[in-house]
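Inspection log for the structure reproduced underneath, given as structure tokens.
Please treat every number below as a calculation from the coordinates, not as lab data. These numbers come from a predicted model, not from an experiment. Note that we place each Cβ from the backbone using ideal geometry, even for glycine, and neighbour counts take in every protein chain shown.
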Amino acid sequence: PAEVKPTALSITAAPITVNLGGGNNAQVWAYNQSFPGPTIRANRGDNATITFQNQLPEHSIIHWHGLVVSTENDGQPQQAIQTGETYDYNFSINQRAAFNWYHPHPHMMTGEQVYNGLAGGFIVNDSEESAKNLPSGKYEVPLVIRDATFSKSGDMLYKPTSGGFFGQIALVNGTKDPYLDVDRAVYRFRILNGANSRVFGLALSNGASMHLIGNDGGLLPLSSDQARIDMGNGERTDVLIDFRNYPAGSKIMLRDLRAGWDILEFRVGNTEQKPFYATLPLTSAVEPLPAAVKTRTFSFDGMTKINGNLYDVNRIDWTVKKGDTELWVFKTNGNAPHPVHIHGASFQVVSRSGGRGKLFAWEAGWKDTVLLEDRETVTVRIRFDSFTGRYVMHCHKLEHEDMGMMANFEVV
Ligand code: C2O
Ligand code: CU
Ligand code: CU
């Protein structure tokens, strides 16, 4: 996808026909005629002025997933606008460098709209990160990974069941059977699990490690080699892959070990290796949040409820004091995975018991979405220190979210 700046930006959502590769034309819904949408790239401190124009046949709104903005700028379900209307956003970007993303958030229709193609990356850069000399330009590649099912005529079909939506093939950056020609160089991949329901377990086909440097909230306190990285819906990871030592002509697959899929083929070319200037492992200061003054427990029940309640756009379920650190404990009585996502602040994951029973390297630092699998209890420390106002917490398995696994809370 092309890159755009967040100033005086107009984003139009509309149906279009695109070539998904191999001559497969499909009707999709796209932001600015691009599937996925253009990648927005901002610097910390920028002021974003963005107008959303809805030319879809139904209501919609854009949410900036991972950006901490005021309620009016957060793109919550109650802010959805009708066909032909526009919504003006104006917010300053005052947070760490990270790979965020944007997507629709209308109540009960998010799954369909994201599936149809409405999603894009939103990269924030800052001076701490740029001092690390990470690969950039053509060596920094966003990968929006998702799944889809196709009809005989090549159109994408969306037929979710109550258990979610699981497509038959993976698409990377909106492309079927994707490959990437790579130089013998170190690449930085900004990966988003943009699938509605599918969790990915990413690994390289030759067993080599990926060097994990970041996640939802930016650079990790300490980067490390990982043979496998699991990503729930809405989670991001930032990895370096080193192609310098492979002979030209090598083919390496990015695989999903959960489904046993080949997702993306890297084709190593002749081009000489480019010098790599970063010093590994990378470190980044992440100050731990202070001790919590309150604990809240949330049970993700079945496929539709949090603490026994279905989402109600007009009901505020709890109130949090701005500036207080709290422990939020997520449990489930089944039907996981439930990738739990919170608007309005990032959090630090403290512990996981039951199920997989431990925290993973990609869960260090700052997160906005954390994966809750069956029998797991996951505890996070969170502090809303930017805005008062209304926010949501929800399951980012979009079919669960649409069926009601979402709640409003208010920061006061
Ligand atoms: Cu990515 Cu409330 O969503
Ligand atoms: Cu969000
Ligand atoms: Cu769920």
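A compact table of results
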read-out: Cα-only Debye scattering, region 229-355: base-10 log of I(q)/I(0) at q = 0.21, 0.22 Å⁻¹; value: -1.43, -1.50
read-out: Cα-centre dipole for the chain with unit charges at Cβ (Lys and Arg positive, Asp and Glu negative), debye to 20; value: 700
read-out: Debye log10 I(q)/I(0) at q = 0.10 Å⁻¹ for region 3-125, Cα point scatterers; value: -0.28
read-out: Calculated on alpha-carbon atoms, Rg and Dmax of region 282-360 in Å; value: 14.6, 45
read-out: Cβ-derived FRET efficiency at R0 25 Å, Asn94 paired with Ala14, nearest 0.05; value: 0.20
read-out: Cα-projected label distance for Ser353 with Arg296, points at 7 Å along beta-carbon direction, nm; value: 2.2
read-out: Cα centroid separation, region 363-412 to region 7-59 (Å); value: 26
read-out: Mean Cβ count within 10 Å, highest first, over the residues of peptides 350-356, 174-180; value: 174-180, 350-356
read-out: Quarter of Cα convex hull surface for region 1-57, i.e. mean projection, nm²; value: 4.2
read-out: Cross-link reach list, lysines versus Lys159, counting only Cα pairs under 27 Å and skipping chain neighbours closer than eight places; value: Lys176, Lys305, Lys397
read-out: Dimensionless Rg over Rh [the chain; C-alpha; Kirkwood]; value: 0.94
read-out: Ranked Val378, Val68, Val141, Val340, criterion: other C-beta atoms within 10 Å, fewest first; value: Val141, Val68, Val378, Val340
read-out: Potential lengthening between Leu310 and Ser151 on full extension [0.36 nm per residue; Cα-Cα distance subtracted]; value: 53.9 nm
read-out: At R0 = 35 Å, FRET efficiency that the Cβ-Cβ distance of Thr49 and Arg267 yields, to 0.05; value: 0.30
read-out: For region 305-412, radius of gyration divided by Kirkwood radius, i.e. Rg to Rh on alpha-carbons; value: 0.95
read-out: Taking Phe330, Phe150 and counting other C-beta atoms within 10 Å, the order from fewest to most; value: Phe150, Phe330
read-out: Size of region 63-142 as Cα extents on the principal axes (Å, biggest first); value: 44, 27, 20
read-out: Förster-model FRET efficiency, 56 Å R0, Asp225 and Glu85, C-beta, rounded to 0.05; value: 0.70
read-out: Cross-link pairs beyond the 30 Å C-alpha cut-off, checked among Lys274/Lys367; Lys5/Lys251; Lys251/Lys274; value: Lys274/Lys367; Lys5/Lys251
read-out: Hydrodynamic radius by Kirkwood, which averages 1/r over all alpha carbon pairs of region 137-268, in angstrom; value: 15.4
read-out: Among 185-192, 122-129, the order from most to least packed when residues are scored by Cβ within 10 Å on average; value: 185-192, 122-129
read-out: Lysines with Cα under 16 Å of Lys294, excluding same-chain neighbours fewer than 8 positions away; value: Lys321, Lys322
read-out: Distance from region 207-247 to region 280-306 (C-alpha centre basis), Å; value: 21
